[in-house]
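The values are calculated or read from the model by the stated rules, or taken from the named source; none is laboratory data. None of the values given here were measured: they were computed from a predicted structure. Please note: Cβ atoms are built from the backbone with ideal geometry, for glycine as well, and neighbour counts cover all protein chains shown.
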């Protein structure tokens, strides 16, 4: 079945409520600086803990940090492709997809819905660290900060691509890359912070 987001024409401005409940509606929106600040502060604290209170060497901590960034780019691609663009073959899936991502494709310039709201973000980040700690032990104190920095980079890129005109320099390709996803094909260019995995999995489009 065709995905819901392909049936809606992107609007260059405006917004749309997701929830009738005013509290839920308010919680569904955020200024981009709030989640980015939370992630960067958390990343700094975990990194400091890794250096100060674990037996890991500086070289190993650095490796794990950059591994976290790299893994995030894969998770970004997988979630965008597999969750945000899930098949909407049932009303429930269609509702979930639209709430998570479809509304963004309908109103791509809505600056208040370019990041996961803080309340949900804190819950997801806490659960993620718990899983990482079970899998990696103390190495999670170095890996998790890298993952959060990767996520912060993604949020920053996603925000400036939608909020500002493309610059006349090397970074213009970020705008072009994501514009292809929004305005040419929703089944291409799932990577926002990097097109690496689109090249690897054959979903890249110029």
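Tabulated data
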{"read-out": "Test: residue in region 189-196 that is under 30 Å from residue 60 (Cα atoms) and in a helix (DSSP H, G or I)", "value": "yes"}
{"read-out": "Yes/no for residue 120 being surrounded by fewer than 21 Cβ atoms within 10 Å (Cβ to Cβ), at pLDDT below 95 and in a helix (DSSP H, G or I)", "value": "yes"}
{"read-out": "Criterion violated by residue 64 - all others in (1) within 14 Å of residue 138 (Cα to Cα); (2) without any contact (Cβ under 8 Å) to a residue 24 or more places away in the chain satisfied", "value": "(2)"}
{"read-out": "Hits in region 22-49 - residues which are at pLDDT 85 or above, closer than 30 Å to residue 91 by Cβ and either in a loop (DSSP other than H, G, I, E, B) or in contact with a strand residue (DSSP E or B) (Cβ under 6 Å, 6 or more places away or on another chain) (or both)", "value": "29, 30"}
{"read-out": "Contacts under 7 angstrom Cβ, first residue in region 12-35 being touching a residue at least 40 places away in the same chain (Cβ under 8 Å) and on the phi > 0 side of the Ramachandran plot, partner surrounded by 14 or more Cβ atoms within 10 Å (Cβ to Cβ) and in a loop (DSSP other than H, G, I, E, B), 6 or more apart", "value": "14/107"}
{"read-out": "Counted residues, region 50-60 - those being more than 9 Å from residue 145 (Cβ to Cβ) and outside any loop (DSSP other than H, G, I, E, B)", "value": "6"}
{"read-out": "Subset of region 79-105 that is exposed (fewer than 14 other Cβ atoms within 10 Å of the Cβ) and under 30 Å from residue 144 (Cβ atoms) - its residue that is modelled with the lowest pLDDT", "value": "99"}
{"read-out": "Residues within region 131-152 that are within 27 Å of residue 190 (Cα to Cα), in contact (Cβ under 8 Å) with a residue 24 or more places away in the chain and surrounded by fewer than 20 Cβ atoms within 10 Å (Cβ to Cβ), tallied", "value": "0"}
{"read-out": "Among (1) within 22 Å of residue 42 (Cβ to Cβ); (2) within 14 Å of the chain's Cα centre (by Cα); (3) touching a residue at least 24 places away in the same chain (Cβ under 8 Å); (4) assigned to a helix (DSSP H, G or I), the one test that residue 115 misses", "value": "(4)"}
{"read-out": "Condition met for residue 125 (assigned to a helix (DSSP H, G or I), at pLDDT below 95 and loosely packed, with under 12 Cβ neighbours inside 10 Å)", "value": "no"}
{"read-out": "One residue from 159, 147 being part of a helix (DSSP H, G or I) and under 19 Å from residue 30 (Cβ atoms)", "value": "159"}
{"read-out": "Selection within region 162-188 - outside any loop (DSSP other than H, G, I, E, B), more than 17 Å from residue 103 (Cα to Cα) and in contact with a helix residue (DSSP H, G or I) (Cβ under 8 Å, 6 or more places away or on another chain)", "value": "174, 175"}
{"read-out": "Any hit, region 42-50, residues being touching a residue at least 40 places away in the same chain (Cβ under 8 Å), within 30 Å of residue 179 (Cβ to Cβ) and in contact with a helix residue (DSSP H, G or I) (Cβ under 7 Å, 6 or more places away or on another chain)", "value": "yes"}
{"read-out": "Test: residue in region 129-140 that is within 19 Å of the chain's Cα centre (by Cα) and not in a helix (DSSP H, G or I)", "value": "no"}
{"read-out": "Selection from region 79-96 of residues that are assigned to a helix (DSSP H, G or I) and without any contact (Cβ under 8 Å) to a residue 24 or more places away in the chain", "value": "79, 82, 91, 92, 93, 95, 96"}
